Every structure is written in C-alpha cells, then in structure tokens.
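Everything below concerns the one structure shown next.
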Amino acid sequence: MNDLAGKHVLLGLSGGIACYKSAELTRLLIQAGARVQVVMTDAAQRFITPVTMQALSGQTVYTCQWDPRIARHMAHIDLARAADAILIAPASADCIAKLAHGCADDLLTALCLARSCPLLIAPAMNRQMWQHPATQRNVAQLRADGVTVLGPASGPQACGETGEGRMLEPDTLRNTVVAFFQPKVLQDKRVLLTAGPTFEPIDPVRGITNRSSGKMGFALARAAAEAGAQVQLIAGPTALPTLEGVLRIDVQTAQQMYDAVMACVEAFDIFIAVAAVSDWRAESVSAEKIKKNGEFVVPRFVFTENPDILAAVTRLPKPPFCVGFAAESSDLEKHGREKRLLKNVPLLVGNIGPETFGQDKNELMLFDETGIKHLPRADKLSLARALVKEIAQRAARVSAKPQ
Ligand code: CTP
C-alpha cells in the first residue's frame, strides 16, 4: 500500500545494535511510498555502514555537518527543511540526552534543532540505561517539548539481559509513521468496536459460527486509532493479531460479547458494531461430546435467541453515536434502509456481497437519514479510513446539536 506516498521521512540513526533493524525499516518505509533520507551519527556507523543504508534508501547518506557535497555547508538546514517528519531509530541514551538539552554538535542533533517538522524517536538501549533517572528525565523533557516517543519494547536484549529498552520492530515503526500522517478526525474520542464472528458451543468440541474473518472490524479499529481515538476492541474468535494502540478483549460467545460491551459502553463516544453476532445459540450445551453411539441417530438441537448487542446499546438512556453493519445475501438497498430504522442507528454500513467475508477487499453502502452513499471497492484498511471520516463527520454533527 502507498500509505506514505509523497511523504519525505528523514531517518536518523544513532549508535546502537538496533541499527541493523533500521535497514529493514528503510525498506518498509520505501515500500509504503516514502522518500527516505538517512542521516547517521559516527556511533551508528560502527554498527552499520552508510553504504548499506544508501543502497536501501536510494539516496545519498549524510554523516557529517561538514560534508563538502552540500553547497553552503548548511546540511542541517537543508535536510531539516525538506523533511515532513524526522524519525530517529535507534535513538541511543546519548542521542536522547543531547536532544533534551538542545545540543547540536553533530549533523543529526543540529538538524533536529533546526527543524520545524515533527520529531519521533524510537529509543533503544540496555534496560538499566533506559531506567536511569537521567534518561527518564531526558525522555520526559522531550515529551514536554512535543517529541513523540515510540516504545521502547520489553524483551531479551543484545547484552543478555531482559527488560525494557528494545527498539520497536521495523513493521511497528512503519505502522506508527503511517498512523502519524493520518488526519486526526477522531482526536481523543473514545471508540468501542465489536468485530469478528461469535462461536456458540453445542458440546465441548463443536459449535456454530459464521464466515466473518474480523478483517473489516480490525481495519476499522486501526483506522480509528490512527485518527487519534482511544480504541477498545471486543473481538470474537479470530487469528488476527492485536493492533498497536488498540485495547482488545477476546470473547467467544454472543452473550460474552454482550456482557463485555454492556460493562463499558457508557464510557464511549462512538460504538461501531461490526461483529457478525450469532443470532441463536443451543439452548443447552452438552457437557460431554455428543456421540454417535454405534447407530446413526441425527441429533436435534433446540435454539434460543442471543441478546441483540446493538439494539441494547441504542436503548440506553444516553447511547453513544452508534454505527451498525449489515451483511445481506440479497437486495442490500432495501434491507439496509429497513435495518437502519429497525436498529435505530444514525448510520448503517452495508457490505456489498456476502462474498466479502474473509477477503482483503470490500465495497460498502452507507445508509443514513439523507439516503445512500457508496464507498467503492478498495482494500479494507483504505475503506476503513474512508469510513472513519464519514463516522467522524456524522458524530460531530450529532454532538454539535443542542441537547
Ligand atoms: N448485532 C448485534 N447483536 C446481535 C445481532 C446483530 O449487535 N445479536 C449487530 C451486528 O453487529 C450488526 C447489526 O447488528 O451491526 C446487524 O447485524 P445482522 O446480523 O446483519 O442483522 P440482524 O439484526 O442479526 O438481522 P438478520 O440476521 O435478520 O438480518
């Protein structure tokens, strides 16, 4: 995906073993469409060579303020001016200390001081160095100065110790940079989503579920987080990985999903019900596996209705802005209109064709009080971003109305 098309990212490397990950990070940023300009400190060049970074970035790598290739010797100004964002990965304890104090004794720190664009840093160091009060003070100072601190992660370290201080993985950093450039249309809004299928057991090894993969709900959770929201996802059984910046509760059954939603929904501004919730469950679940017992007797099940989560939320005295989804096998326009009214939601989103289940692409039809809007076929993340904008506009209109 071309998420970073037209963006100019200045990638700064300071000294640390995590420099080897910056090679992969460069590749990922370029794959996402960014132009990557690498600047390395002297210490960084002890870990990885400018040749590697130049080959991967396709741009001249700068290492020195006094580089004779730069006219006027104003590398720090020219490089800072050209960047849409500066990402320092890895950011060593020394580099962080210099930035916190406004030192400018090498090209990287000088251009950070000369910048007007945002600065993101991905700290990477031994856990004792990270926990040291001096480092913590410096990091707090940088945060107060408006610098975005990414990580660090916890885990085994190159020094043999285990703890906090590892640089975030390259794909996480790429996703964070992508998110950073998304418009913050849901800044500080609290968004609750359900996603995926539910699983209704009939005995300890069998159950009833549906073909929902959870991809659309997870893409929406990610898009909402990218848009600046605090996101809580309540997910039915799916193998999809947890998204960065998104809190997740895993459930199996419709009743568990209902309980999880109702326990917290009042704290949210927006509720998006993407889950394909099973409408029914077996009235009684066998404690033992149901056996064939030698002769073939087809078991008969009695079903009972599951609670309707979305309906329960819209019935609350002060419901959040609610968005419903619909997957219909026929006549989406008719069913979508009817379902929006039936579910009493300001916005209902119809998946065009049930064959979108499990696929990476989708096409949506939006139903609201003004009529129908079509979001054309695209990958689910792009669609989710477009849908987040639609939701944000409508939610803002509702909250702007006098109560
Ligand atoms: N929904 C829900 N709880 C349920 C059933 C549905 O929260 N027990 C939500 C879904 O997450 C979706 C919307 O209601 O946002 C519509 O779901 P859908 O399955 O399309 O509709 P149903 O209400 O189940 O109606 P039907 O199956 O008859 O089409």
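Below, the figures for the structure above:
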read-out	value
Filter pass, Pro237 being at pLDDT 95 or above, away from the ligand (no atom under 11 Å from the Cβ), over 26 Å from Arg315 (Cβ atoms) and open to solvent by 20 Å² or more (accessible area, probe 1.4 Å)	yes
Criterion (within 16 Å of the ligand (Cβ to nearest atom), surrounded by 15 or more Cβ atoms within 10 Å (Cβ to Cβ) and of a type outside the set (Ser, Thr, Tyr)) met by exactly one of Leu192, Leu168	Leu192
Segment 252-285 - residue that is of a type in the set (S, T, N, Q) and surrounded by 11 or more Cβ atoms within 10 Å (Cβ to Cβ) and, of those, nearest to the ligand (Cβ to nearest atom)	Ser278
Selection status of Val205, touching a helix residue (DSSP H, G or I) at 6+ places or on another chain (Cβ under 6 Å) and open to solvent by 10 Å² or more (accessible area, probe 1.4 Å)	no
Helices (runs of 4 or more DSSP H) contained in segment 306-403 and holding at least 1 residues without any contact (Cβ under 8 Å) to a residue 24 or more places away in the chain	332-343, 380-400
Number of the exception - Leu366 against (1) in contact with a His (Cβ under 9 Å, 6 or more places away or on another chain); (2) within 16 Å of the ligand (Cβ to nearest atom); (3) modelled with pLDDT under 95	(3)
Residues of segment 372-382 satisfying the condition of being in contact with a Leu (Cβ under 6 Å, 6 or more places away or on another chain) and either surrounded by 15 or more Cβ atoms within 10 Å (Cβ to Cβ) or aliphatic (A, V, I, L, M) (or both)	Leu375
Lys343 within 12 Å of the ligand (Cβ to nearest atom) and open to solvent by 30 Å² or more (accessible area, probe 1.4 Å)	yes
Candidate set from segment 316-337 (those that are within 12 Å of the ligand (Cβ to nearest atom) and either closer than 23 Å to Ile234 by Cβ or modelled with pLDDT of 95 or more (or both)); member that is surrounded by the fewest Cβ atoms within 10 Å (Cβ to Cβ)	Ala326
Matching option when the condition is touching a strand residue (DSSP E or B) at 6+ places or on another chain (Cβ under 6 Å) and in the same structural domain as Val39 (by TED's automatic domain parsing), among Ile77, Ile121, Ile96	Ile121
Matching residues in segment 346-363 - criterion: being modelled with pLDDT of 90 or more, near the ligand (Cβ under 10 Å from one of its atoms) and of a type outside the set (A, V, I, L, M, F, W, C)	Gly350
Looking only at segment 38-63, and only at residues there that are farther than 21 Å from His8 by Cβ and of a type outside the set (Ser, Thr, Tyr), the one that is least open to solvent (accessible area, probe 1.4 Å)	Ile48
From the options Lys343, Lys334, Lys339, residue that is more than 26 Å from Gly214 (Cβ to Cβ) and either basic (Lys, Arg) or not assigned by TED's automatic domain parsing to the domain that holds Lys215 (or both)	Lys334
Condition broken by Ala110, with the remaining ones in (1) within 22 Å of Thr172 (Cα to Cα); (2) in contact with a helix residue (DSSP H, G or I) (Cβ under 6 Å, 6 or more places away or on another chain) satisfied	(1)
Glu288 in contact with a helix residue (DSSP H, G or I) (Cβ under 7 Å, 6 or more places away or on another chain), more than 14 Å from the ligand (Cβ to nearest atom), more than 22 Å from Ala395 (Cβ to Cβ) and open to solvent by 70 Å² or more (accessible area, probe 1.4 Å)	no
Lone qualifier among Phe218, Phe199 - being within 16 Å of the ligand (Cβ to nearest atom) and surrounded by fewer than 21 Cβ atoms within 10 Å (Cβ to Cβ)	Phe199
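Let's see how each residue does on (1) open to solvent by 20 Å² or more (accessible area, probe 1.4 Å); (2) at pLDDT 95 or above:
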residue	(1), (2)
Ser116	yes, yes
Gln136	yes, yes
Ala144	yes, yes
Leu150	no, yes
Gly163	no, no
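The values are calculated or read from the model by the stated rules, or taken from the named source; none is laboratory data. Values in this document were obtained by computation on a predicted structure and should not be read as measured data. Quick reminder, even Gly has a Cβ in these numbers, built from the backbone with ideal geometry, and neighbours come from all protein chains shown. Protein only, heavy atoms only, side chains kept; ligands, DNA and RNA dropped before computing areas. Shrake-Rupley method; radii C 1.70, N 1.55, O 1.52, S 1.80 Å.
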